[in-house]
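The values are calculated or read from the model by the stated rules, or taken from the named source; none is laboratory data. In this text the structure is predicted, and so the values were computed from the model without any measurement. Cβ sites come from the backbone with ideal geometry, for glycine too, and all protein chains shown count toward neighbours. SASA here: full protein model, heavy atoms, side chains in, ligands and nucleic acids out. Shrake-Rupley method; radii C 1.70, N 1.55, O 1.52, S 1.80 Å.
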There are 2 protein chains.
Amino acid sequence: MRERLDMKRAVPAREGSTVTLAEKTPLRLDSGTEIGPFAMSYMTYGTLNEAKSNAVLICHALTGDQYVASDHPVTGKPGWWGRMVGPGKVLDTDRYFVICANVLGGCMGTAGPQEIDPETGRPWGLGFPVITIGDMVRAQSLLIDHLGIDELFCVIGGSMGGMQVLQWAAAYPERVANAVPIACAARHSAQNIAFHEVGRQAIMADPQWRGGDYYESGETPRAGLAVARMAAHVTYLSETALHRKFGRNLQNRERLTYGFDADFQVESYLRHQGITFVDRFDANSYLYITRAMDYFDLAAEHGGVLARAFANSRTRFCVVSFSSDWLFPTTEARDVVRALNASAANVSFVEIQTDKGHDAFLLDEPEMFATIGGFLEASAVRRGIL
Amino acid sequence: MRERLDMKRAVPAREGSTVTLAEKTPLRLDSGTEIGPFAMSYMTYGTLNEAKSNAVLICHALTGDQYVASDHPVTGKPGWWGRMVGPGKVLDTDRYFVICANVLGGCMGTAGPQEIDPETGRPWGLGFPVITIGDMVRAQSLLIDHLGIDELFCVIGGSMGGMQVLQWAAAYPERVANAVPIACAARHSAQNIAFHEVGRQAIMADPQWRGGDYYESGETPRAGLAVARMAAHVTYLSETALHRKFGRNLQNRERLTYGFDADFQVESYLRHQGITFVDRFDANSYLYITRAMDYFDLAAEHGGVLARAFANSRTRFCVVSFSSDWLFPTTEARDVVRALNASAANVSFVEIQTDKGHDAFLLDEPEMFATIGGFLEASAVRRGIL
């Protein structure tokens with residue numbers, strides 16, 4: 001698809017674009033494979049100013065996409081970060097030019113396993129190269145080049161989005177004025193790798209997965225992907241949140257049914273999470289993106305010393321964690337803060353008290369809004385972004 | 001199979017027995033269904049004394065069985081609690097007559113979904129009645145009757161075994177002198193129900209499951225059961241234990257492979273857990289037993305007041321929890337202790353400091369051995385059990 005950038009600048013409507021990147025020079029991935037040209041789909045909100053100094057890049061999480069503040073084209077649901085992005089909100093689209101691109105390996109228009117491999121004319125499937133958080137960020141940097149932006153006012157994201165923020169700050173320090181990594185870590189823990197592996201095995205156990213070559217079969221590994229989503233979803237919540245939300249409440253019933261239907265509301269809720277997810281997400285993309293997270297270990301690229309990843313950085317950092325997040329606990333955020341301090345970086349850190357678990361970054365968390373809003377406001381005023 | 005009780009008394013060898021229970025009067029289950037006659041398989045160790053005052057009943061956990069201190073007949077591995085049970089050990093078989101029975105709904109000889117329904121002559125499958133922790137304990141009480149034992153010196157178990165201990169103490173206070181519930185709770189939390197539901201959905205998503213009617217197909221839902229086991233296994237460990245054991249170590253490789261093989265040791269370990277489990281466990285039993293745990297809510301049977309479950313109890317309790325157990329955290333053990341205190345019961349409580357997570361009750365935990373050993377020793381001496 002021909003991109004419509006110029007039109008978008010004139011009319012900052014909520015429309016998406018797809019651009020072809022790496023047309024002249026292929027992108028070299030961490031695996032050593034080269035890829036390109038490849039498509040990247042993205043959304044923008046607001047208007048890029050003359051100085052091109054007001055761009056905010058939002059990096060999405062594992063199952064997120066570019067529809068950060070627009071209705072989702074498949075589900076029709078509101079954007080996943082509508083609370084944060086819009087006129088007068090923390091990421092104020094009257095002030096900032098907000099960009100969010102579907103990650104490399106994704107399934108919402110950016111090159112990924114469900115797209116056509118130009119060499120074979122058939123979907124990539126597992127022929128798509130395994131990608132890393134570093135590759136995702138390198139691909140995004142080509143988009144930012146394409147948009148003619150030298151320096152991003154801010155790179156922000158939660159969970160896997162936060163990993164990308166850290167990677168951006170480490171790989172392109174001169175291009176990131178402010179970095180806001182939320183609910184993330186500089187490396188994926190053994191426990192998190194384990195949970196991801198459960199999800200991958202659930203997908204691969206589904207006969208409809210067919211070794212990843214299911215696109216032309218007319219079937220997709222829905223059952224396996226739903227189980228993967230359910231397993232992951234439990235880790236996004238806290239026990240307190242689950243207890244408050246559902247406890248042991250029964251599902252539309254006065255008493256136990258002594259069967260295997262969803263007796264408890266929490267079961268029904270989980271099943272719903274699984275079933276609705278498969279309509280909007282590609283199972284192979286789930287494999288690739290979880291793998292990218294597992295591989296993430298920012299210190300490893302710098303001799304095992306995380307502080308070196310941020311040497312001489314002039315980026316301002318605002319690290320955010322949530323007290324009840326057990327997937328990316330505050331201890332991991334502290335490791336990032338410690339490394340930033342050890343590299344004399346400009347860093348503030350807030351652990352937000354909440355019982356909502358990892359998913360808190362997507363929810364109504366006034367303290368998060370106030371923290372990030374204040375952090376960006378100061379920088380925006382100093383830079384004359386009105 | 002004809003039971004060999006008398007022979008066992010004369011020769012306290014490590015042999016198993018199967019007994020037919022509820023021959024004259026069927027057992028009424030919590031669901032209202034009646035079952036019987038039904039088989040129960042069990043192991044005993046040591047010798048029942050003349051006074052029949054030295055019997056210890058061990059209740060096994062979700063995937064445990066009666067082979068508490070004997071090599072497993074399928075896997076050939078040593079008994080699951082060999083550290084606790086044997087001559088000179090905490091549950092000293094020179095002193096105590098130790099009994100462990102496969103739970104109702106299980107798959108190691110006790111009536112369960114893989115056994116033959118006498119009415120149809122075919123395996124029960126999902127025709128087997130849904131059972132509860134209360135049903136498991138009622139069935140065990142028939143075995144204890146059968147063995148001619150009025151009062152058990154001790155009922156002990158971890159995880160689901162601990163739930164049974166609490167149920168025993170509540171349902172048969174006059175038959176339990178000492179109760180040792182370990183790493184458990186008086187009700188299953190929303191988070192734990194959610195994890196169980198993931199496992200059940202993984203099994204049911206496997207086409208080989210065939211609605212539970214797979215026994216005569218020549219295939220079993222191995223893939224789904226393996227995923228269920230993997231998902232559960234992560235919850236049995238702590239992040240610290242996983243980190244210490246595996247961290248981000250690679251599996252027999254110098255570097256990342258950029259593929260979906262088991263790159264990390266933790267992946268390989270999990271896959272092994274899944275694959276070996278399916279050889280020894282029935283998928284339908286997994287459904288039934290997880291359901292029984294989900295249904296467990298001891299207070300609910302007593303007007304929502306847990307203390308009432310233990311009213312006028314003369315049982316001595318030793319409640320044990322582990323500091324890094326996030327499946328059955330210490331807060332849940334405290335709820336049990338608080339209820340026992342509120343019913344003026346004789347209770348001691350120990351939270352053992354360990355980073356091994358929920359599985360600690362199966363592992364080498366000297367403080368657990370010392371705590372439980374001391375607790376039982378005092379009672380044994382007072383009762384003249386030598």
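Structural remarks
- Per-residue SASA remark: residue B:182, around 0 Å² accessible (1.4 Å probe; ligands, DNA and RNA not included).
- Taken residue by residue and averaged, Cβ atoms of other chains lying within 10 Å of the Cβ of A:266-272 number 4.
- What the Cβ-Cβ distance of residue A:117 and residue B:210 gives, at R0 = 35 Å and to the nearest 0.05, is a FRET efficiency of 0.45.
- Area accessible to solvent at residue B:268, 1.4 Å probe radius, in Å²: 30 Å²
- Net +/- balance of residues flanking residue B:329 in space, Cβ distance below 11 Å, scoring K and R +1, D and E -1: -4
- Cα-centre dipole for the stretch B:192-290 with unit charges at Cβ (Lys and Arg positive, Asp and Glu negative), debye to 20: 400 debye
- For the stretch B:218-252, residues shielded by at least 10 square angstrom of accessible area compared with the chain on its own, probe 1.4 Å: B:223, B:227, B:230, B:231, B:234, B:239, B:242, B:243, B:247, B:248
- Mean separation of Cα contacts under 8 Å (6+ apart) over length of the stretch B:54-146, as relative contact order %: 22 percent
- Distance from the stretch B:260-283 to the stretch B:118-183 (C-alpha centre basis), Å: 30 Å
- Lys/Arg +1, Asp/Glu -1 at C-beta; the stretch B:192-290 dipole; positive extreme among B:238, B:260, B:203: B:238
- Relative to the other identical copies, residue A:261 shows label-point distances of 4.8 nm, where the label point lies 7 Å from Cα along the Cβ direction and values run shortest first.
- Straight-distance crosslink candidates among lysines, where the alpha carbon sits under 16 Å from residue A:52 and sequence neighbours closer than 8 are dropped: A:8
- Protein accessible surface hidden between B and A, which excludes ligands and nucleic acids, total in Å², probe 1.4 Å: 4600 Å²
- Rough spin-label spacing in nm, given labels placed 7 Å along Cα→Cβ, for residue B:244 and residue A:369: 4.4 nm
- Net charge in the neighbourhood of residue B:197 (other residues with Cβ under 12 Å of its Cβ; Lys, Arg +1, Asp, Glu -1) is -1.
- A simple rule links phi to the HN-Hα coupling: the Karplus curve 6.51 cos²θ - 1.76 cosθ + 1.60 with θ = phi - 60°, which for the stretch A:345-355 gives 7, 8, 9, 10, 9, 10, 9, 8, 7, 7, 9 Hz, with x for Gly and Pro.
- Listing of the stretch B:183-200 residues, each with accessible area lower by at least 40 Å² in the full protein assembly than in the chain alone (probe 1.4 Å): B:187, B:190, B:191, B:193, B:194, B:195, B:197, B:198
- J(HN,Hα) series, the stretch B:64-71, from Karplus relation 6.51 cos²θ - 1.76 cosθ + 1.60, nearest Hz, glycine and proline x: x, 6, 6, 7, 6, 9, 10, 4
- Eligible aspartates and glutamates near residue A:77 by straight Cα distance, threshold 15 Å, same-chain separation 8 or greater: A:65, A:279
- For the stretch A:55-63, 3J(HN,Hα) computed residue by residue from phi via the Karplus equation (6.51, -1.76, 1.60; θ = phi - 60°) reads 8, 10, 9, 9, 9, 8, 8, 2, 9 Hz, glycine and proline entered as x.
- A cut-off under 12 angstrom between Cβ atoms defines the neighbours of residue B:208, and their net charge, with Lys, Arg +1 and Asp, Glu -1, is -2.
- Normalised by the number of residues in chain A, the average gap of Cα pairs under 8 Å and 6 or more apart makes the relative contact order 16 percent.
- When residue B:331 is represented by a point 7 angstrom out along its Cα-to-C-beta vector, the spacings to that point in the other copies are 1.8 nm, nearest first.
- When residue A:307 is represented by a point 7 angstrom out along its Cα-to-C-beta vector, the spacings to that point in the other copies are 5.5 nm, nearest first.
- In the protein assembly as shown, the DSSP-assigned H stretches of four residues or longer account for a calculated mean residue ellipticity at 222 nm of -10500 deg cm²/dmol, using -39500 (n - 2.57) per stretch and the full residue count as denominator.
- Accessible surface of chain A, 1.4 Å probe: 48 percent of it comes from carbon and sulfur atoms.
- Counting only other chain Cβ atoms within 10 Å of each residue's Cβ, the peptide A:201-214 averages 4.
- Selection from B:220, B:370, B:147, by position along the positive dipole direction of chain B (Cβ): B:370
- Gaussian network model of chain B, Cα within-10 Å springs - most flexible of B:177, B:342, B:283: B:342
- Global form of the stretch A:281-338, assessed from the alpha-carbon gyration tensor, a/c cut-off 1.5: oblate
- Taken about its Cα centre, the stretch A:274-375 carries a charge dipole of roughly 520 debye when the Cβ of each Lys and Arg holds +1 and the Cβ of each Asp and Glu holds -1.
- Taking amide hydrogens as placed 1.01 Å from N in the peptide plane, the amide H of residue A:347 sits under 5 Å from those of A:317, each at least 5 positions away in sequence or on another chain.
- Ligands, DNA and RNA excluded, the heavy atoms of residue B:245 present near 110 Å² of accessible surface to a 1.4 Å solvent probe.
- In this structure the amide hydrogen of residue B:79, modeled in the peptide plane, comes within under 5 Å of the amide hydrogens of B:70, B:71, B:72, none closer than 5 places in sequence on its chain.
- Under the convention that each Lys and Arg Cβ holds +1 and each Asp and Glu Cβ holds -1, the size of the dipole of chain B around its Cα centre is about 600 debye.
- Amide H partners (placed H, <5 Å) of residue A:238, local residues excluded: A:357, A:358
- Taking 22 Å as the limit for the C-alpha separation, the pairs B:245/B:356; A:245/A:356; A:356/B:356 exceed it in the case of A:356/B:356.
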